[in-house]
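Notes follow the structure.
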Amino acid sequence: MPHARISSSLLAALLAVSAGAAWVRPAAAASPAPAAPAAPDFKRQQPQINKILAEISPKRMEGYVAKLVSFGTRHTMSETESDTRGIGAARRWIKAELERCGAGTPLQVAFDSHIAPVSARISRPTEIVNVVATLPGTQEASKDRIYVVSGHYDSRVSDVMNYTADAPGANDDASGTAATMELACVMAKHKFDATIVFMAVAAEEQGLLGARHWATQARQKNLNIAGMYTNDIIGSSRADNGKVDNKQVRLFSQSIPATKEMSEAVRQLVATGGDSDSLSRQLARHTKEMGERYVKGFKVTVIHRADRYLRGGDHMPFLEQGYAALRFTEPAEDFAHQHQDLRTENGKVYGDLIEFNDYDYIAKVTKVNAAALASLALAPGAPQNVKLRTDKLTNDSTLVWQANAEPDVAGYRIVWRETTAADWQGSKWVGNVTEATVDLSKDNVFFGVQAVDKDGNVSVATYPLPQR
């Protein structure tokens, strides 16, 4: 494939970083490179995504939460035989509802179960059951690329081992389960290049057991999980001090992967200062951009932590397996309505009750999920084997990468930002090439390469590792 060269004076290069533009001139002592074909419009809103967002219903999700709360408790070790109480009834209802709404679509719904042995939070061997709905991708080159979204349907009260008391879990995490169910039901009616998996997972409160089982199996099967979201405590816009903030959601994003041993790729990431260019950080940048593009007036606030301080969620087992994974959570938790026995003390109501949820807010967070998932599943995969050439000492930067396999790829875009910036600041369309030179010093900026299809769908950026 041809080699694209982007160059300018030093002043122009510095301006390019701040203005998001680049200038092209012929390489020295060489014929001018052919102009790249016109770039697709990768800033436009996709009609399919707007249609999905328009179908998301806060009223329907309120109904899902009410039904989940009606089971009394959904504690992992609670009743499994009853049709009206306990975690068994809850999981059977979730599966039946997903089968109902997915009828006539390709959505495949199944239980994923295993037996958890006795442990610190499991007093007897217990069956842990995830409800998994899979929407297969339709493009041959993309269908093995998978995106996962989850909420956990189990609940608890103050004593994590109390499996008989009422534990409504309206916010933690019927809200996330309702969002996941709504996403499955709405998105099942649409086609995507890549595969999307919607999961209601169990035993989060007992140690992330359901998610860990699924993530471990995914790694053992060598599944290509290109991104994972968990929605956990997304139900309320009101903080414990009474302040209402319904205009943002927190998105927790880890830097260096939480694997036991550091891979060679991670070593090179650290060696080149790319601590904030991990797979999860790249996914977070994409999620923020798409969420804010489609849900106007709503902010996706990226938090540079794996989770809240010394706490965790169902994305963490995916991080442990080396996958990109993020957590959505409301702006400020109210701990009187989380992990509490139901009671009233000094006029204050404690407990995770349905009346404390804000369903319009839940719908906004669900729409951010939908925009991110749909844009990822419609777009090409992130470019592979992206390298930054270091064989010569120069003040420009040459990047090379492997061509994508998708038949609808129109070309590639190089993005960059200053080393102190969180988000991409500049970009340049380089066409359908596998090498390009940018007149910006690799010392001063971070680069990424994105694949773009003919409809303007853009992949997550890939950070270049050094090529010597």
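The values are calculated or read from the model by the stated rules, or taken from the named source; none is laboratory data. Note that this is a predicted model, so its numbers are computed, not measured. Methodologically, a virtual Cβ is constructed for each residue, glycine included, from the backbone with ideal geometry; neighbour enumeration extends over all protein chains shown. Only protein heavy atoms, including side chains, enter the accessible area calculation; ligands, DNA and RNA are left aside. Shrake-Rupley method; radii C 1.70, N 1.55, O 1.52, S 1.80 Å.
For region 330-430, a Kirkwood hydrodynamic radius built from all Cα pairs, placed in the Stokes-Einstein relation at 4 °C and 1.567 mPa s, yields a translational diffusion coefficient of 68 µm²/s.
The listed residues His213, His75, once ranked by accessible area (1.4 Å probe) with the largest placed first, stand as His213, His75. Sparsely packed loop sites in region 325-398 (the trypsin sites (Lys or Arg not before Pro) outside DSSP H, G, I, E and B with at most 15 other Cβ atoms within 10 Å) comprise Lys392. On a per residue basis, the convex hull of the C-alpha atoms belonging to region 192-315 measures out at 160 Å³. When you filter the trypsin sites (Lys or Arg not before Pro) in region 34-131 for DSSP loop state and at most 14 other Cβ atoms inside 10 Å of their Cβ, you are left with Lys43, Arg44.
Under 5 Å between amide hydrogens, built in the peptide plane, is the criterion, and for Tyr229 it picks out Val148, Val149, Ser150, Leu326 among residues at least 5 positions away or on other chains.
For Glu79, the amide hydrogen comes within under 5 Å of the amide hydrogens of Ile87, counting only partners 5 or more places away or on other chains and with H modelled in the peptide plane. When region 336-430 is described by a simple charge dipole with +1 on each Lys and Arg Cβ and -1 on each Asp and Glu Cβ, the residue from Tyr350, Ala410, Leu399 located farthest towards its positive end is Leu399.
Taking amide H as placed 1.01 Å from N in the peptide plane, the amide H of Ile196 sits under 5 Å from that of Leu135, Gly137, Tyr147, each at least 5 places away or on another chain. Is any helix in the chain, taking whole DSSP H runs, at least 27 angstrom long along its axis by alpha carbon and on average at least -0.5 on the Kyte-Doolittle scale, and which ones? Span-like helices, by this rule, are 359-378. Toward the positive end of the charge dipole of the chain, with +1 on the Cβ of Lys and Arg and -1 on the Cβ of Asp and Glu, the farthest Cα among Ser236, Met316, Pro383 is that of Pro383.
Legend: Rg and Dmax of region 50-152, from Cα coordinates, 16.3, 47 Å. With the convex hull drawn over the C-alpha atoms of the chain, the volume per residue is 141 Å³. Considering only GluC sites (Glu not before Pro) in DSSP loops that have at most 14 other Cβ atoms within 10 Å, the longest stretch of the chain without any of them is 262-468. For Lys348, the lysines whose Cα comes closer than 18 Å to its Cα, not counting residues fewer than 8 places off in the same chain, are Lys243. Hey, what do the phi angles of region 330-339 turn into as Karplus ³J(HN,Hα) couplings, whole Hz, using 6.51/-1.76/1.60 and θ = phi - 60°, x for Gly and Pro? In residue order, the calculated couplings are 4, x, 8, 6, 10, 6, 6, 10, 8, 6 Hz. In the calculated pair-distance distribution of region 401-468, the portion above 19 angstrom amounts to 31 percent of the Cα-Cα pairs.
Surface calculation, 1.4 Å probe, protein heavy atoms: His114 sits at approximately 50 Å² accessible. When the pairs Lys189/Lys221; Lys67/Lys95; Lys191/Lys288; Lys296/Lys428; Lys43/Lys288 are compared against a 18 Å limit on Cα-Cα distance, Lys189/Lys221; Lys191/Lys288; Lys296/Lys428 fall above it. The listed peptides 449-456, 183-190, 272-279, 102-109, ordered by packing as a protection proxy, come out as 183-190, 449-456, 272-279, 102-109 (highest mean of other Cβ atoms within 10 Å first). Here the contact order of region 89-179, divided by its residue count and restricted to Cα pairs under 8 Å and six or more residues apart, works out to 22 percent.
With Cα atoms defining each centre, region 287-332 and region 87-127 are spaced 24 Å apart in the structure. For region 269-409, taking the reciprocal of the average inverse distance between every pair of different Cα atoms yields a Kirkwood hydrodynamic radius of 18.8 Å.
Normalised by the number of residues in region 341-422, the average gap of Cα pairs under 8 Å and 6 or more apart makes the relative contact order 17 percent.
Placing a label point 7 Å from the Cα of Lys392 along the Cα-to-Cβ direction, the residues of region 437-453 with a backbone N closer than 16 Å are 437-442. Applying Stokes-Einstein at 20 °C and 1.002 mPa s to the Kirkwood radius of region 217-284, computed over alpha-carbon pairs, gives a translational diffusion coefficient of 143 µm² s⁻¹. Reported to two decimal places, what Rg/Rh ratio describes region 133-257 when computed on Cα atoms with Rh from the Kirkwood expression? Rounded to two decimals, Rg over Rh is 1.01.
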